[in-house]
Amino acid sequence: MKNNFKLLVTGAIIGTLIYTGAHAQYCTTKEAKARESKLIKFDTTKGRGLADNFFLWDVGQQIQVRFLNGTPEQQAKVMELAKQWEQYANIKFIQVFAEPSNIRVEFSDSDENYSLLGSDANQGDPTEHTMHLFSGLFNDPTRLKRTVVHEFGHALGFMHEHSSPITGINWNKDTMYKFYAKYGWDEDMVNAQVFKVYEERYTNGTKYDPKSIMHYPIPSWQTTNGFSVGWNTDISEGDKQLAALLYPASGVRATEVPRISILNYTTTKIKADKTAGGLKLYPSFNINTSGATGDVYLCVLLFDKDGNAIMATDEKYNVSGVVGAYKGFRMGPGKKISVNKQNPEEFELFIPFSNIPNTPNTSEIQVVFRTFVSDGKDLKSTFFSTPVSYQMGAR
Ligand SMILES: [Zn+2]
């Protein structure tokens, strides 16, 4: 089941988010990308120049970092390296020893290093890590440095530089699929992690920077024209410029987009209402807004018991091609709103039974709560909940 959801996140769910009425202009936006930040889960290496503006922290923010394990010495070393960013970005990383925290670091013997992207970490379960670092890094100071600085770059919202749409890299794809297959990555994974090119807007107007700490090394055999990039261990001039652009000392970011965080999502309560002829759904969460004013879409989507999307046939109950329901709200920054907490049925979404096929696979359905935010140009997927199962029963 898990694999099916993963496929949805990487592929099938990328579709058209259908809006009606006032939002018809979005009907052709091919932007319903699931939490692509979740996919920025790897490396050890390459890097810099791009950032996801929808997952930036506030300028000047004190970002709280908690370690779930590790010795005091290891924790202090990681903090020292992370704080290199403070010279160029107007933020502070503050170590905390109890909740609340924004970033949670876990060490283990598993040789992988990854982080959630920027403020997406805020939306996680406070008992789970948002960044993983390999304990073995402490045996190699150079690797420790480049890895920690790189991962904390992701934690600030920086994306992989080699995934810039303006690199001009000519990948030797067939050879690379074979290479990564040895590490258990299939072609979809390689496409997502290596060949995926971000949207132009994420470059923030910067130039391609092969010296970036956010760039993976590229040996010449990986390209068809001999182009290569070595191990970058330091924050580059390009990285410094981007950091200053995103987190300026002036305190005011030049380009701001609407940013939302979904916090304390607990569950989506589901009630069958025979009189109304459908399911009533009540997701329970808090929403915080920052940045600019934008349109926020709160959605529920339905999957069958195996985790496959139930494809929509009725445009009115269609979210990214999947059976669902949504409500949109124009929201300004600085709001902190609690939804279905004090009053558990104040916010309701409704899907008629007629939109849910009556088949063996849909005798039990799974409900996912999802959010999108739009600045009028792009529609950004910002939250994707774990599914809640529900027995459909007789209708
Ligand atoms: Zn990375």
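Just so you know, all these numbers are worked out from the coordinates, no wet-lab data involved. None of the values given here were measured: they were computed from a predicted structure. Every residue, glycine as well, gets a Cβ built from its backbone with ideal geometry; the counts of neighbours run over all protein chains shown.
Considering only THR224, MET214, GLY153, the residue lying farthest towards the positive end of the dipole of segment 38-246 is THR224, judged by Cα position with unit charges set on Cβ.
Measuring against 19 Å, Cα to Cα, the residue pairs LYS207/LYS240; LYS211/LYS240; LYS269/LYS336 contain LYS269/LYS336 as the ones spanning a longer distance.
Order these peptides, 344-352, 330-338, 294-302, by their mean beta-carbon neighbour count within 10 angstrom, highest first. Walk me through the intermediate numbers first.
Numbers: 344-352: 15.1, 330-338: 12.9, 294-302: 23.6.
Packing order, densest peptide first, comes out as 294-302, 344-352, 330-338.
Distance between the modelled labels on THR275 and ALA98, one decimal in nanometres: 4.8 nm (7 Å Cα→Cβ projection).
Spatially, segment 318-366 and segment 114-143 are offset by 32 Å when compared through their Cα centroids.
Dipole of the chain computed with +1 at Lys/Arg Cβ and -1 at Asp/Glu Cβ about the Cα centre; of SER389, SER338, TYR88, farthest Cα towards the positive end is SER338. Each helix, a run of at least 4 DSSP H residues, gives -39500 (n - 2.57); summed and divided by the residues of the chain, these come to -4000 deg cm²/dmol at 222 nm. Rounded to the nearest 20, the size of the Cβ-charge dipole of segment 38-246 about its Cα centre is 440 debye, with Lys and Arg at +1 and Asp and Glu at -1.
Take the cross-link list LYS305/LYS327; LYS145/LYS380; LYS83/LYS178 and give me the ones stretching past 29 Å between alpha-carbons.
Values: LYS305/LYS327 25 Å; LYS145/LYS380 32 Å; LYS83/LYS178 38 Å.
Long pairs (Cα-Cα over 29 Å): LYS145/LYS380; LYS83/LYS178.
If you take the Cα centroid of segment 259-277 and the Cα centroid of segment 166-239, the two points sit 40 Å apart.
Let me know the charge dipole size of the chain about its Cα centre in debye, to the nearest 20, where only the beta-carbon of Lys, Arg (+1) and Asp, Glu (-1) is charged. Show your work: numbers first, answer last.
Numbers: 42 positive and 42 negative charges, 102 e Å.
Using only the charged Cβ atoms, the result is roughly 480 debye.
With the cut-off at 28 Å, report for segment 38-246 the share of all Cα pairs above it, as a whole percent.
Details: 5048 of 21736 pairs.
The calculated P(r) of segment 38-246 puts 23 percent of pairs beyond 28 Å.
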